[in-house]
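In what follows, a structure is listed as structure tokens, so that the remarks can point back to it.
The values are calculated or read from the model by the stated rules, or taken from the named source; none is laboratory data. Since we're looking at a predicted model, the values are computed, not measured. Ideal geometry is used to build each Cβ from the backbone, glycine not excepted, and the neighbour counts take in all protein chains shown. These area figures cover heavy atoms from the full protein model, side chains too; ligands, DNA and RNA do not enter into them. Shrake-Rupley method; radii C 1.70, N 1.55, O 1.52, S 1.80 Å.
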Amino acid sequence: MNKSHEIKIRIYYEDTDCGNIVYYANYLRYMERGRAELLRELGLELANFHEQDTMFPVVEANLKYKQSARYNDLLTVITFAKEISGASMVFQSDIYRDETLLVSGDVKVACVKQSTGMPRRVPAEIMSALKT
């Protein structure tokens, strides 16, 4: 599972707290964008899975904050699939300003039937795309 994707995110005033430092929870939003863009790059649109009664809610998130980002910084978010099991996936995202690692985190998503919320296997096309 070595497929990774990189996106750039500019920090705007709306992303910051009263000290012009990125509000800690916003890093989860940046990681969400990284996961969505990784899948999109692999030809996997989440909306298509929703039409197939499948969704991927976050069930666990672990972040390590090393340094703060500030207003107007340009960040790089690098995301890759770290682990895939029958009904869940773990994605890692590392967020950098230039060469400095600011935040590193793992997000586990479950694969569930949208109609019932019950677990289901990760679709074969996702497993295949992330593993090759």
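Carbon and sulfur atoms: what percent of the 1.4 Å accessible area of the chain do they account for? All intermediate terms of the calculation are to be shown ahead of the outcome.
Details: 3570 of 7440 Å².
C and S fraction of accessible area: 48 percent.
Around Arg40, what is the net charge, scoring Lys/Arg as +1 and Asp/Glu as -1 over all other residues with Cβ under 14 Å from its Cβ? Mind dumping the intermediate values first?
On the way: positive: Lys3, Arg33, Arg35; negative: Glu6, Glu32, Glu37, Glu41, Glu45, Glu125.
Taking every other residue near Arg40 into account, the sum is -3.
Run the reach check for Lys64 against lysines, Cα to Cα strictly under 24 Å, same-chain hits fewer than 8 apart removed. What comes back?
Partners found: Lys3, Lys8, Lys82, Lys108.
What number comes out for accessible area per residue over the chain if the probe is 1.4 Å? Units Å², please. List each step's numbers first, then the result.
On the way: 7440 Å² over 132 residues.
Dividing the accessible area of the chain by its residue count gives 56 Å².
Do any trypsin sites (Lys or Arg not before Pro) in the stretch 35-109 lie in a loop, going by DSSP, with at most 12 other beta-carbon atoms within 10 Å of their beta carbon, and if so which? Please list the in-between numbers first.
Details: sites: Arg35, Arg40, Lys64, Lys66, Arg70, Lys82, Arg97, Lys108; in loops: Lys66.
Listed in order of number, the matching sites are Lys66.
At 1.4 Å probe size, what's the solvent-accessible area of Glu83? Round to the nearest 10 Å².
For Glu83, solvent-accessible area is about 100 Å².
On a 0 to 90° scale, report how tilted helix 26-41 is relative to the longest principal axis of the chain, with both axes built from alpha carbons and the result rounded to the nearest 10.
Its long axis makes an angle of about 50 degrees.
Find out how many positive minus negative residues lie around Tyr13, taking Lys and Arg as positive, Asp and Glu as negative, among other residues whose Cβ is under 14 Å from that of Tyr13. Walk me through the intermediate numbers first.
Details: positive: Arg10, Arg70; negative: Glu14, Asp15, Asp17, Asp73.
Here the charged neighbours net out to -2.
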